[in-house]
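First up is the structure itself, then whatever we jot down about it.
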Amino acid sequence: MRRNQVAVVGAAETTRLGVIPDMSQIQLHADAALNTLADAGLKPGDIDGLACAAETPTQLAHYLGITPTWVDGTHVGGCSFMIHVRHAAAAIETGLCKTVLITHGESGRSLIGKPPRSVRADNFEGQFEAPYGTNGRPTQFPIPLLRFMKTYGITQEQLAMVSVVQREWAAKNPRASYKDKLTVEAVLNSRMIAYPLRILQCCLVTDGGGALILTSADRAADFPHKPVYVLGTGESVETPVVSQMESFNSSRAWRVSGAQAFREAGITPRDVDHLMIYDAFAHLPLYGLCDLGFMPPEATGEFIANRNTAPGGKLPVNTNGGGLSYMHSGMYGMYALQESVRQMRGIAPAQVSGARISVCHGNGDMFGAAGTIIFSNQR
Amino acid sequence: MNDSARAKPLPTPETQHYWDGAAAGELRLQRCQACSKAYFPPRPFCPACGSRGVRVFAASGKATLYSYIINHRAAPGFTAPYAIAVVQLAEGPRLMTNIIDCPQTPEALVLDMALEVAFQKLDDTITLPVFRPAGA
């Protein structure tokens, strides 16, 4: 894909985030979509491309009153939205549609209009993992972590700093779920969930949503807000079962997706001003820093512990507070994208001054899938 | 602990040999006749080269502890805290399992410790391969 041919011209989250028991999941999609249409100065009838994951494009098109000529229902977990952006950019560039709406809504906490997650007994997870007592993501996603820590000499204290610095970012964000100061001691004394991870190293469980509108860069100047250009994109998948990852020291899907996005963007990690790394659990930013090429894995723990990703640090990471402190409805990627767009528009609550390039990396179904979008505010 | 609520695998035609093996006290893997790779989970072709020329064989049951978590929350059929581990088999593949005959603590569960396969009968059709410290 060519650089900067497509831009985000509308972006918004649901009016409320957190606990929203008075809205079903599809209405959370619609709330985010209506806020985003208003942000872009558009009506549903202006949309000819539609992508979503937690509901189907058919459900959403009918609910919102949209007649699309292009749809994408890619549903590979929390990075589905990064992949929607990538597919939408390709569709716009090749003329399949002109104006794409990507929506997300998830009643992750209140579970209104959302079926509970179930595991089939006959697939690889059901046959070869669930019988050993896996019981939700906290019992699966952290399984590679002890190996990673042993291989690269990462300490519990370094890992605890991920939660500490993200809470510092969250403290600057009025919409963050948790803003109270954290310390390494508080993290390491919090309730054990799945050793080695404790409750303050696991994401929130909330309700909410968000949406984006993309169109060609040539049309983008006609919209109310500063366009945010899509500079590079990547995607990949590896395995639905964490036990069968090629390596526990690195994610193949993350590496493939990240490398593709950087290659497409024609930049290196040194050019990046702002970075979002999906953080369902505290170990993910460490994997992200190495698998996206920012540093060798053995440097990641010290890099975070030395406050390089914190406010005032040289590489601001997860500046909304992340899934650990901002919000996490189950599939978090949309909220990471929203923060990248805010940073590129220059309107983030914890704005990184002068930021020109933002990398937004998501994972899905744990380490199963990945999507990476590189944004720029300069064409 | 309530064993009746515990998740049980539902074998498919492609995995039945694995579950039959476990019931017979064997850990059955597959090996590609074209590229020699041993692999898991079961499927009737080689995930490394795509060859359909594959053979089932009984693994040695020798393994080392590759990584794990210790779950501290309640789960159907399990008493917390309990470890969910991934072991490195001597033949190459890794698999998820539980570690028996060993305290479920970070002090006792040391990465790279030697393990051997054991079998835990859940009911008349399903027996699970599990692992215990070697020589325990």
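Does region A:203-213 contain at least one residue that is away from chain B (no Cβ under 14 Å), in a helix (DSSP H, G or I) and out of contact with any His (no Cβ under 6 Å at 6 or more places or on another chain)? No: region A:203-213 contains no residue that is away from chain B (no Cβ under 14 Å), in a helix (DSSP H, G or I) and out of contact with any His (no Cβ under 6 Å at 6 or more places or on another chain). Condition check for B:VAL56 on (1) surrounded by 13 or more Cβ atoms within 10 Å (Cβ to Cβ); (2) within 13 Å of chain A (Cβ to nearest Cβ); (3) in contact with a strand residue (DSSP E or B) (Cβ under 9 Å, 6 or more places away or on another chain): one failure, at (2). Filtering B:LEU95, B:LEU27 for residues that are under 15 Å from A:GLN127 (Cα atoms) and more than 11 Å from every other protein chain (Cβ to nearest Cβ) leaves a single hit, B:LEU27. Among the residues of region B:112-133, the one identified as farther than 24 Å from A:GLU125 by Cβ and either modelled with pLDDT under 95 or in contact with a Lys or Arg (Cβ under 7 Å, 6 or more places away or on another chain) (or both) is B:GLU116. Candidates in region A:256-284 are the residues that are buried (at least 21 other Cβ atoms within 10 Å of the Cβ), under 29 Å from B:PRO47 (Cβ atoms) and not hydrophobic (A, V, I, L, M, F, W, C); of these, the one that is nearest to the chain's Cα centre (by Cα) is A:TYR278. If you go through region A:180-199 and keep only what is within 14 Å of another protein chain (Cβ to nearest Cβ) and either in contact (Cβ under 8 Å) with a residue 12 or more places away in the chain or touching a helix residue (DSSP H, G or I) at 6+ places or on another chain (Cβ under 7 Å) (or both), you end up with A:LEU188, A:SER190, A:ARG191, A:ILE193, A:ALA194, A:PRO196, A:LEU197, A:ARG198.
Filtering B:LEU89, B:LEU128 for residues that are within 12 Å of another protein chain (Cβ to nearest Cβ) and closer than 19 Å to A:THR134 by Cβ leaves a single hit, B:LEU128. Just one residue in the set A:SER340, A:SER325 is under 24 Å from A:GLU238 (Cβ atoms), surrounded by 24 or more Cβ atoms within 10 Å (Cβ to Cβ) and at pLDDT 95 or above; that residue is A:SER340. Of all the residues in region A:214-250, those that are part of a helix (DSSP H, G or I) and under 22 Å from the mean Cα position of the chain (by Cα) number 1.
Screening region A:268-379 for helices (runs of 4 or more DSSP H) wholly inside it with 1 or more residues that are of a type outside the set (Phe, Trp, Tyr) and within 27 Å of A:LEU101 (Cβ to Cβ) returns the ranges A:322-325, A:333-345. If I ask for residues that are surrounded by fewer than 20 Cβ atoms within 10 Å (Cβ to Cβ), facing chain A (nearest Cβ under 7 Å) and within 27 Å of B:LEU29 (Cα to Cα), which ones from region B:98-115 would you list? Matches in region B:98-115: B:LEU111 only.
The values are calculated or read from the model by the stated rules, or taken from the named source; none is laboratory data. Every value quoted in this text rests on a predicted model; they were computed, and no experiment measured them. Cβ: placed from backbone, ideal geometry, glycine included. Neighbour counts: every protein chain shown.
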